[in-house]
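Below is one structure; the comments refer to it alone.
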Amino acid sequence: MALFRIERRTPLSADEAWRRLTVWEHHAAQAPLTRITVTTPPPTATGTVLVARTGIGRVGFADPMEVVAWDPPVAGGAGHCRLEKRGGVVLGWAEIGVRPAPGGALVVWTEDLRLRGLPRAFDKVIERAGRLVFGRAVTRLLGSPPGR
């Protein structure tokens with residue numbers, strides 16, 4: 001299991017940080033050659049399914065995920081979301097947490113990332129790569145201007 005945790009402090013409110021991190025389609029701009037489609041009707045809730053498709057043309061793979069916990073911030077409070085990865089290649093889960101903090105909010109992204117068929121000996125490499133890629137994505141999503 002390649003388990004990693006990313007923490008970011010932001011001057012955004014917990015509500016705004018949550019909004020920016022849970023517009024799923026915006027995550028695609030942070031992952032090369034990837035597009036994300038939400039396959040269930042809005043709004044996001046427990047049971048929402050999204051698919052990240054990475055590749056060029058017919059060469060690639062799909063990373064389907066399901067929202068299994070959805071507790072958005074209420075009245076400036078904390079929020080929590082859990083996604084289960086259910087693909088043929090990418091497995092594991094991700095949790096997004098936001099909470100108010102002095103001067104804004106604290107975001108915590110925790111992920112267990114596994115690639116089917118890859119031996120456990122590669123877990124440290126996947127962990128480091130995941131921390132780098134997802135850390136950059138979280139930073140960029142939080143820095144996005146409103147409405148983007």
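The values are calculated or read from the model by the stated rules, or taken from the named source; none is laboratory data. Note that this is a predicted model, so its numbers are computed, not measured. Please note: Cβ atoms are built from the backbone with ideal geometry, for glycine as well, and neighbour counts cover all protein chains shown. Note: areas computed on protein heavy atoms with side chains; ligands, DNA, RNA excluded. Shrake-Rupley method; radii C 1.70, N 1.55, O 1.52, S 1.80 Å.
Counting only protein chains, not ligands or nucleic acids, how are Ile56, Ile96 ordered by accessible area (probe 1.4 Å), most first?
Numbers: Ile56 115, Ile96 0 Å².
Accessible-area ranking of Ile56, Ile96, largest first: Ile56, Ile96.
Take Met1, Met65 and sort them by solvent-accessible surface of the protein heavy atoms, 1.4 Å probe, largest at the top.
Met1, Met65
Given springs between every Cα pair under 10 Å in a Gaussian network model of the chain, which of Gly117, Gly55, Gly77 has the largest fluctuation?
Of the options given, Gly117 has the highest mean-square fluctuation.
Which length gain, in nm to one decimal place, applies between Gln30 and Val49 when the Cα-Cα distance is subtracted from 0.36 nm times their residue separation?
Extra length available between Gln30 and Val49 comes to 4.9 nm.
I want to check the label-to-label distance for Glu84 and Val59. Put each point 7 Å from Cα in the C-beta direction and report it in nm to one decimal.
For the pair Glu84/Val59, the computed spacing is 3.4 nm.
Could you state, as a whole-number percent, how many of the C-alpha pairs of the stretch 1-134 are farther apart than 18 Å?
I get 57 percent for the Cα pairs in the stretch 1-134 exceeding 18 Å.
By its C-alpha gyration tensor, with a ≥ b ≥ c as the square roots of the eigenvalues, how is the stretch 67-132 shaped: rounded for a/c under 1.5, else prolate for a/b larger than b/c, else oblate?
oblate
In the chain, carbon and sulfur make up what percent of the accessible area (probe 1.4 Å)?
Numbers: 4890 of 8010 Å².
Ligands and nucleic acids excluded, carbon and sulfur give 61 percent.
Please compute the net charge surrounding Ala45, taking Lys and Arg as +1 and Asp and Glu as -1 over other residues with Cβ under 13 Å from its Cβ.
-1
So for the chain, averaging the separation of alpha carbon pairs under 8 Å that are six or more residues apart and normalising by length, what relative contact order in percent results?
30 percent
With a point put 7 Å past each Cα toward its Cβ, work out how far Ala101 is from Ala75 in nm, to one decimal.
It is 2.4 nm.
In what sequence, largest accessible area first, do Phe122, Phe61, Phe4 appear using a 1.4 Å probe?
Accessible-area ranking of Phe122, Phe61, Phe4, largest first: Phe122, Phe61, Phe4.
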